[in-house]
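Engineer: Dropping a structure here in structure tokens format, bear with me for questions.
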Amino acid sequence: MLRVILCENAARWASEAADIIAGVIREKSRPVLILPTGGTPMPVYDALAQSHADGVLSFAHTTTFNLDEYVGLEPTHQQSYRAFMERNLFQRVDIPAGNTHVPLGVAADMAAQCQQYEQALEQAGGADLAVLGIGGNGHIGFNEPGTSFASRTHVVSLDERTRRDNARFFSSLDQVPTQAVTMGLSTIQSARRILLLAQGAAKAPILRAALQGPVTESVPASILQCHGDVVAVLDLAAASQLEDLSVEWRAGLRQMA
Ligand code: F6R
């Protein structure tokens, strides 16, 4: 089932999202989270770090797995997703360093690393919650349009649109890596619960396609319609093209493409 939580302002949006994540952390004895990078989660990480600073949230028993990493960037590179996570969340809370997992963009054997990443997630007991942003082309993680719904962690070539969208974090477009390593769509779907985050009118058309359009590999996020427990926390602009928000879309109503 897909539930949409509509938020009237940015502060409310961040606190709704952070409350859902904090709820899973408090409820489980050994919570396992899948986490995104990018612009979308930053205010949510701020809210989680604030709860930790206020003494009401501990990450001491939490294990995290990031969705993706750029191929070719050292973990210490400012724009690597490892560095992003250290800056925006890990260094601000009490998560043990050994509990954080981000794929390595410079692994000698990428295929072996992808397998080990899957195994580590499985050994941790699978994810209680996958937190996702969505790309303008419908990607989740770095699963670009056309990626198999059956995919597990793998190396991908980034779409030109994705590289352009992410160029704002780099000094120029040619600095943006051309490849990434990402959890697959099937890896993401295996999380017990999914929290999809989006803000802003630029995401409205793709949210409409992903959440209410046909389930098709050309819109990777449309696979979420087949998950049993998805909550989308959206602001009014992001949700502006969704129809009939009182309707609950149930898993399995649509045939997989
Ligand atoms: C990042 C990730 C991507 C982003 C998506 C949206 O780890 O997996 O799918 O969530 O590209 O990016 P922003 O939030 O920058 O719009």
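Engineer: Listed residues G55, G39; which is more than 18 Å from H154 (Cα to Cα) and within 11 Å of the ligand (Cβ to nearest atom)? Full working, then the answer.
Structural biologist: Numbers: G55 fails: within 11 Å of the ligand (Cβ to nearest atom).
Unique residue meeting the criteria: G39.
Engineer: So A120 clears everything in (1) outside any loop (DSSP other than H, G, I, E, B); (2) free of Cβ contacts under 8 Å to residues at least 40 places away in the same chain; (3) under 26 Å from Q91 (Cβ atoms) except one condition, right? Which one?
Structural biologist: Only one criterion is unmet by A120, namely (2).
Engineer: Let me ask something else about it. Within region 18-33, is even one residue assigned to a helix (DSSP H, G or I), at negative phi, within 16 Å of the ligand (Cβ to nearest atom) and at pLDDT 95 or above? First the steps, then the outcome.
Structural biologist: Of all residues in region 18-33, those assigned to a helix (DSSP H, G or I) come to 18-27.
Those still in the list that are at negative phi too: 18-27.
Right, trim to within 16 Å of the ligand (Cβ to nearest atom) and you get 18, 21.
Those left that are additionally at pLDDT 95 or above: 18, 21.
Yes, the conditions are met somewhere in region 18-33.
Engineer: Among the residues in region 68-89, are any more than 16 Å from the ligand (Cβ to nearest atom) and among the aliphatic types (A, V, I, L, M)?
Structural biologist: No: zero hits.
Engineer: Moving to a separate point now. Assess whether N137 counts as being surrounded by 22 or more Cβ atoms within 10 Å (Cβ to Cβ), touching a helix residue (DSSP H, G or I) at 6+ places or on another chain (Cβ under 8 Å) and not hydrophobic (A, V, I, L, M, F, W, C).
Structural biologist: Working: surrounded by 22 or more Cβ atoms within 10 Å (Cβ to Cβ): no; touching a helix residue (DSSP H, G or I) at 6+ places or on another chain (Cβ under 8 Å): yes; not hydrophobic (A, V, I, L, M, F, W, C): yes.
Answer is no for this residue.
Engineer: Which of (1) farther than 16 Å from V131 by Cβ; (2) touching a Cys at 6+ places or on another chain (Cβ under 6 Å) does E16 not meet, given it meets every other one?
Structural biologist: Failed condition: (1).
Engineer: Evaluate region 197-209: report whether one residue or more is without any contact (Cβ under 8 Å) to a residue 60 or more places away in the chain and part of a loop (DSSP other than H, G, I, E, B).
Structural biologist: We begin by selecting, within region 197-209, every residue without any contact (Cβ under 8 Å) to a residue 60 or more places away in the chain; these are 200-201, 204-205, 208.
Then drop every residue that is not part of a loop (DSSP other than H, G, I, E, B), which leaves 200.
Yes, the conditions are met somewhere in region 197-209.
Engineer: Return the residues of region 91-110 that are in a helix (DSSP H, G or I) and in contact (Cβ under 8 Å) with a residue 12 or more places away in the chain; say none if nothing qualifies.
Structural biologist: Once the filter is applied, which keeps residues that are in a helix (DSSP H, G or I) and in contact (Cβ under 8 Å) with a residue 12 or more places away in the chain, region 91-110 yields R92, N99, M110.
Engineer: Pull up region 5-17, narrow it to residues that are within 16 Å of the ligand (Cβ to nearest atom) and among the small types (G, A, S), then point me to the one that is modelled with the lowest pLDDT.
Structural biologist: For region 5-17, the residue satisfying everything is A10.
Engineer: Here's another thing I want to ask about it. For region 135-168, name all the residues that are among the acidic types (D, E) and either within 12 Å of the ligand (Cβ to nearest atom) or assigned to a strand (DSSP E or B) (or both).
Structural biologist: Here is the first cut: in region 135-168, the residues among the acidic types (D, E) are 144, 159-160, 165.
Across region 135-168, the qualifying residues are E144, D159, D165.
Engineer: Looking only at region 156-172, count every residue that is surrounded by fewer than 17 Cβ atoms within 10 Å (Cβ to Cβ) and either farther than 16 Å from P103 by Cα or touching a residue at least 40 places away in the same chain (Cβ under 8 Å) (or both) and tell me the total. Give the steps one after another, and end with the answer.
Structural biologist: So in region 156-172, the residues surrounded by fewer than 17 Cβ atoms within 10 Å (Cβ to Cβ) come out as 157, 160-161, 164, 167-172.
If we keep only those that are either farther than 16 Å from P103 by Cα or touching a residue at least 40 places away in the same chain (Cβ under 8 Å) (or both) as well, we get 160-161, 164, 167-172.
Qualifying residue count for the region: 9.
Engineer: Next question. For T63, all conditions in the list (1) away from the ligand (no atom under 16 Å from the Cβ); (2) under 12 Å from the mean Cα position of the chain (by Cα) hold save one; what is the number of the exception?
Structural biologist: Single failed check for T63: (2).
Engineer: If T187 satisfies every condition in (1) out of contact with any helix residue (DSSP H, G or I) (no Cβ under 9 Å at 6 or more places or on another chain); (2) in a helix (DSSP H, G or I) but one, which is the exception?
Structural biologist: The single condition T187 does not satisfy is (1).
Engineer: Just checking, which of I21, I25, I34, I5 is farther than 13 Å from L129 by Cβ and hydrophobic (A, V, I, L, M, F, W, C)?
Structural biologist: Working: I21 fails: farther than 13 Å from L129 by Cβ; I25 fails: farther than 13 Å from L129 by Cβ; I34 fails: farther than 13 Å from L129 by Cβ.
Exactly one of I21, I25, I34, I5 is farther than 13 Å from L129 by Cβ and hydrophobic (A, V, I, L, M, F, W, C), namely I5.
Engineer: List every residue pair whose Cβ atoms sit under 8 Å apart, with the two residues 6 or more apart in sequence or on different chains, where the first one lies in region 39-57 and is touching a residue at least 40 places away in the same chain (Cβ under 8 Å) and the second, anywhere, is in a loop (DSSP other than H, G, I, E, B) and away from the ligand (no atom under 14 Å from the Cβ).
Structural biologist: L48/L57; L48/V93; A49/V93; H52/S58; H52/F59; H52/V93; H52/D94
The values are calculated or read from the model by the stated rules, or taken from the named source; none is laboratory data. All values reported here derive from a predicted model rather than from experimental measurement. Reconstructed Cβ throughout: ideal geometry from the backbone, glycine too, with neighbour counts over all protein chains shown.
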